[in-house]
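The values are calculated or read from the model by the stated rules, or taken from the named source; none is laboratory data. Owing to the predicted nature of the structure, the values given are computational and were not obtained by experimental measurement. Cβ coordinates were reconstructed from backbone atoms using ideal geometry, including for glycine residues, and neighbour counts include every protein chain displayed.
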Amino acid sequence: MKRRATALNLGVGLGLLLLATGLSAQGQEAAPPKPPFPLQDPQRINAGKLRFGATCAAYCHGSEGRGGKAPAFRGRNDFAPAEAFSVISQGRRGADIMPPWGNAFSPDEIWELVAYLQHLSTLPP
């Protein structure tokens, strides 16, 4: 009988510990994603440029990221690569709507887009 009570107390204690750990982990934000390659890599920038031209430029962001129906990327001093990765992957709702591309592109392909956007941000508007 004493063994059952000890086992039950141990099980309840472990359950509470796991619950508390899970709750505290939920309150923390996930670390921002990090690129798997240098964003200054010319080959990755070019791959991103080709993908951008095929999927992002015509209707939304304009030729060479100059803007269109969506924000321009050229000359931006507030460009944040991790945020760009998240928005491209998950999309955005609200006044500045954007569809999610996380199911269409691999993470590396999204980072190539980010590399190109970062490059555009260094160019004059």
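Brief remarks follow.
- The single condition among (1) modelled with pLDDT of 70 or more; (2) exposed (fewer than 15 other Cβ atoms within 10 Å of the Cβ) that Gly11 does not satisfy is (1).
- Sole residue being in a helix (DSSP H, G or I) and either over 12 Å from the mean Cα position of the chain (by Cα) or not charged (D, E, K, R) (or both), chosen from Trp111, Trp101: Trp111
- With respect to the conditions (1) part of a helix (DSSP H, G or I); (2) among the hydrophobic types (A, V, I, L, M, F, W, C); (3) closer than 21 Å to Pro107 by Cβ; (4) at pLDDT below 90, Ala20 lacks only one, and its number is (3).
- Among the residues making up the stretch 89-125, a single one is under 18 Å from Asp41 (Cβ atoms), free of Cβ contacts under 8 Å to residues at least 40 places away in the same chain and in contact with a helix residue (DSSP H, G or I) (Cβ under 9 Å, 6 or more places away or on another chain): Ile110.
Per-residue answers, yes or no, for (1) within 20 Å of the chain's Cα centre (by Cα); (2) in contact (Cβ under 8 Å) with a residue 40 or more places away in the chain; (3) within 15 Å of Ala115 (Cα to Cα):
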{"position": "Asp41", "(1), (2), (3)": "yes, yes, yes"}
{"position": "Ala47", "(1), (2), (3)": "yes, yes, yes"}
{"position": "Gly62", "(1), (2), (3)": "no, no, no"}
{"position": "Lys69", "(1), (2), (3)": "no, no, no"}
{"position": "Phe73", "(1), (2), (3)": "yes, yes, yes"}
{"position": "Arg76", "(1), (2), (3)": "yes, yes, yes"}
{"position": "Ala80", "(1), (2), (3)": "yes, no, yes"}
{"position": "Ala84", "(1), (2), (3)": "yes, no, yes"}
{"position": "Val87", "(1), (2), (3)": "yes, no, yes"}
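- When the stretch 37-64 is filtered for residues that are in a loop (DSSP other than H, G, I, E, B) and modelled with pLDDT of 95 or more, the ones remaining, listed by number, are Phe37, Pro38, Leu39, Gln40, Asp41.
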